[in-house]
Amino acid sequence: MILRAKTVVTMTGLPLEDGAVSVDSSGRITAVGPFAEVARGAPGGEVTDLGEYVLLPGLINAHCHLDYTGLRNALNRQASFTRWIARINALKRQMTNDDYLEAIAAGFREMRAWGTTSVCNLEAFPELLARMPRPPLRTWWFLELIDLRSRVPADTLLAGALSFLERHEDWLGGFGLNPHAPYTASPELYRLCAECAAECGLPLTTHLAESADEEAMFRRGEGELAAFMRQIGRPMDDCGHGLSSFANAVRNGLAGPGWLIAHANELDAADVALIAATPGDWHVVHCPRSHAFFGHRPFPWEALEAAGVCISLGTDSLASNESLSLFAEMQALQQARPRLTSETLLKTVTTHPARALGKAGELGVIRPGAHADLIALPFAGATAQVYDAIVANRSPVPWIMLNGNIL
Ligand SMILES: [Zn+2]
């Protein structure tokens, strides 16, 4: 099949005018270029002419919690991050497995409407996967692991979660591991996850340096989160030594290069210097609107960029956001950082998260060999304005292809 559009944004070079993409029956892209050239290379191929549209890679959400899609507007901004956790935990106790399954399905519908074709979902209830229909989007299920109050040893916990992996080989996407955060997952659990991920080739993600409460807990052993953790019996010997949550995790080998580090809102100059001094591929996931909801201090974009960190965007969940649109996330980031070009903004939802997932060249780009995960938006303007027009989009995406199939 040949797809023709007024403009094609490949994310590997300049936008193409009167461009075309050919897709084979296995759902891979076989050619991209000017329409005349692509058509010559595939004589007799069926042509779908999208007309005055821009065709671009489907968007990739690098951090969300589909479990909480039912909680839109359910939580007001709380006085602290710790109180928000207490509030969401109270709401979670009222929810059933059916509620979560419906929330996940609704989240998929909303993401698809906004042109997201791949998603990193942090799944707190891996047991739901046994009842889950085949996901409608390319999904990485990051199994959220917490051993804070568990009497189950970390290796048993992990073995239980991993047993779900083998049964879903026909699903698009894959699995990953998510020791939740250094205040809820033990160092032992972090290390087991890292070992297991290395062995099985799984991506890893964790929440790190998200809130001022987390910083106060690790640096000084103080604050609301520290008090809450003490109260529920967390060993606190890793807190109060003046080390930030981030430095504590990196220096003790809990997380580092290769991980999708979610949030990193609270990094200071010493933390960024630690990144610069530690070789490897550093990935941070920023959730602009969730960041604004919590009122965290300004996200250290410039410092992370200067340290060579690859930054991707996520929506977080609807317990701290109003929609699952990555266009809205790009727009929020653009407001906070007007000097960023629209092309850079688009990379944070295409090529950057693809790299973070180890899928550089396969996702987030239009090139031969990549998966045909594509979206198209109406676009009648000049090619030079195409990135601005994409980032400014405020309407649901009318045309989506996933793995070579038009949805
Ligand atoms: Zn999260």
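The values are calculated or read from the model by the stated rules, or taken from the named source; none is laboratory data. Small disclaimer: the values here were computed from a predicted structure and weren't measured. All Cβ positions, glycine included, derive from the backbone under ideal geometry; neighbour counts span all protein chains shown.
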For this session: Would you point out which residue out of A384, A372, A360, A354 is out of contact with any Pro (no Cβ under 9 Å at 6 or more places or on another chain), farther than 19 Å from M1 by Cβ and of a type in the set (A, V, I, L, M, F, W, C)?
Result: A360
Exercise. Only one of (1) without any contact (Cβ under 8 Å) to a residue 24 or more places away in the chain; (2) assigned to a helix (DSSP H, G or I); (3) not aromatic (F, W, Y) fails for D67. Which number is that?
Worked result: (1)
Problem set entry | Test result for A79, more than 16 Å from the ligand (Cβ to nearest atom), over 23 Å from the mean Cα position of the chain (by Cα), within 30 Å of M229 (Cβ to Cβ) and not in a helix (DSSP H, G or I) | yes
Problem set entry | E37 over 26 Å from T205 (Cβ atoms), outside the structural domain of L313 (by TED's automatic domain parsing) and touching a helix residue (DSSP H, G or I) at 6+ places or on another chain (Cβ under 7 Å) | no
Exercise. If S26 passes every condition in (1) part of a loop (DSSP other than H, G, I, E, B); (2) among the polar types (S, T, N, Q); (3) free of Cβ contacts under 8 Å to residues at least 24 places away in the same chain but one, which one does it miss?
Worked result: (3)
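Condition check: hydrophobic (A, V, I, L, M, F, W, C) and crowded, with 18+ Cβ neighbours inside 10 Å. Does A74 satisfy that?
Working: hydrophobic (A, V, I, L, M, F, W, C): yes; crowded, with 18+ Cβ neighbours inside 10 Å: no.
It is false that A74 is hydrophobic (A, V, I, L, M, F, W, C) and crowded, with 18+ Cβ neighbours inside 10 Å.
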For this session: Kindly establish whether S395 is among the hydroxyl-bearing types (S, T, Y), surrounded by fewer than 17 Cβ atoms within 10 Å (Cβ to Cβ) and within 25 Å of R138 (Cα to Cα).
Result: yes
Exercise. Quick check, is S290 polar (S, T, N, Q), at pLDDT below 95 and surrounded by 23 or more Cβ atoms within 10 Å (Cβ to Cβ)?
Worked result: yes
For this session: For R289, state whether it is under 23 Å from Q78 (Cα atoms) and in a helix (DSSP H, G or I).
Result: yes
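Every residue, every condition in (1) away from the ligand (no atom under 16 Å from the Cβ); (2) in a loop (DSSP other than H, G, I, E, B), yes or no:
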position: R234; (1), (2): yes, yes
position: D238; (1), (2): yes, yes
position: H241; (1), (2): yes, yes
position: N248; (1), (2): yes, no
position: A255; (1), (2): no, yes
position: A270; (1), (2): yes, no
position: L274; (1), (2): yes, no
position: V285; (1), (2): no, no
Exercise. Within the range 300-354, which helices (runs of 4 or more DSSP H) (wholly inside it) include 3 or more residues that are among the small types (G, A, S)?
Worked result: 326-336
Seminar exercise, completed: Taking the range 86-115 and keeping residues among the β-branched types (V, I, T) and within 16 Å of the ligand (Cβ to nearest atom) leaves I88, I104
Exercise. Do we have any residue at all in the range 264-279 that's crowded, with 18+ Cβ neighbours inside 10 Å and in contact with a Cys (Cβ under 9 Å, 6 or more places away or on another chain)?
Worked result: no
Problem set entry | Counted residues, the range 287-328 - those being without any contact (Cβ under 8 Å) to a residue 12 or more places away in the chain and within 14 Å of the ligand (Cβ to nearest atom) | 0
